[in-house]
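All remarks here apply to the structure that follows.
The values are calculated or read from the model by the stated rules, or taken from the named source; none is laboratory data. Since we're looking at a predicted model, the values are computed, not measured. As a convention, Cβ positions derive from the backbone with ideal geometry for all residues, glycine included, and neighbour counts pool all protein chains shown. These area figures cover heavy atoms from the full protein model, side chains too; ligands, DNA and RNA do not enter into them. Shrake-Rupley method; radii C 1.70, N 1.55, O 1.52, S 1.80 Å.
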Amino acid sequence: MSVRDVYSNIYSTFHSVRESLIPVLKNSKFKETGCLTPEEFIAAGEFLVYKCPTWSWESGLSEKTRDYLPKDKQFLVTRNVPCLRRAKQMELTEDEDETRQVDGGDDEKDEDGWMYTHSSRVTKTMDEIAQTIMDDEEEEEKLKQNMEALKLDQEKQVPLDEIPGIDDIPDIDDIDDDQVVEEDDPAIAQGPQDDTTSGDNDKILQVRTYDVFITYDKYYQTPRMWLFGYDEQRRPLPSSRVFEDVNQDYVKKTVTIDTHPHLNMNLASIHPCKHAEVMQKIIERMGDGVSAGLAEKGQETGIRVDQYLIIFLKFMSSVVPTIDYDHTISA
């Protein structure tokens, strides 16, 4: 057992004890602090499942059931999410390459700091995260409005006199064989080829996949994301290879291997210590939700609590940019 595994086990035990001493959050504080009650987590999960059926509820192991959550809705999962590239393939050029720690206080070694590095999908401050999500939502909303504005039934009609009559259509029996030109069909199997084409299989995209879990963290009172990876042959990825899909700065600061609260598995997890603060900032920046496409004019203003996980997943996509789970969201 490695030093990392020993530390992970000790921390998981500490976290379990600490969580057991914290009372369950009863009063809603999601707009003020970005935190969720268990009931709000369930409501947000129901909305996510409704909007995206690739997500589903699971109960986990019976001995690990949390009594403050319904037995059949202990956590959320979506499976076989593609991971098209490794983190090193997303590094920027030297001029753009930088690492910044934010919201960690004046001490650069503050363990609660948050790292933003390297990827064009990873923003550097909470304001930029909020603005990025706002821009994405506004663009999607504009595209939606443009599609709805199309009036296909009002397109110019073809005049009746331009429609050919049945007598104007040539009969196939009247066409001579020498008038028929047959094109080569690329689907027809070809004869044996030389060895120079044997390397074409190297061009096939090799794709890793991930099962993505979302649990409720009682201590931090926020959702928490977990990742379980498979290689191109559907074999489970060891921790060292999972970290290939996460920037090394995240591995050191934000992404760790911990014990899943509802399964007997050690998985990569994005630490939730800053989730509430970032989510509160995003909710504040998104305002009434109209500009972000999450509400319509005339509706009750403000981001609803059941939309929390939609926003949360967009925030997480800026933290783990190599795992393309955000394609499943159509809010």
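Highest mean first, how do 272-279, 260-267, 27-34 rank when packing is the count of other Cβ atoms within 10 Å averaged over residues?
272-279, 260-267, 27-34
Output wanted: per-residue J couplings in Hz (rounded whole) for the stretch 221-235, from phi through Karplus 6.51 cos²θ - 1.76 cosθ + 1.60, θ = phi - 60°, x for Gly and Pro.
Going residue by residue, I get 6, 9, x, 9, 9, 10, 10, 10, x, 10, 7, 5, 9, 6, 9 Hz, with x marking Gly and Pro.
Amide H neighbours of Phe75 under 5 Å, at least 5 residues apart or on other chains, H built in the peptide plane: list them.
Under 5 Å from the amide H of Phe75 lie the amide H atoms of Glu58, each far enough along the sequence or on another chain.
Quick one: of Lys142/Lys274; Lys51/Lys73; Lys51/Lys253; Lys73/Lys142; Lys64/Lys281; Lys71/Lys281, which pairs are farther than 28 Å apart, Cα to Cα? Walk me through the numbers on the way to the answer.
On the way: Lys142/Lys274 31 Å; Lys51/Lys73 17 Å; Lys51/Lys253 32 Å; Lys73/Lys142 35 Å; Lys64/Lys281 33 Å; Lys71/Lys281 32 Å.
Where the Cα-Cα span goes over 28 Å, the pairs concerned are Lys142/Lys274; Lys51/Lys253; Lys73/Lys142; Lys64/Lys281; Lys71/Lys281.
Whenever you get a sec, compute what percent of the accessible area on the stretch 211-260 sits on carbon and sulfur atoms (1.4 Å probe).
47
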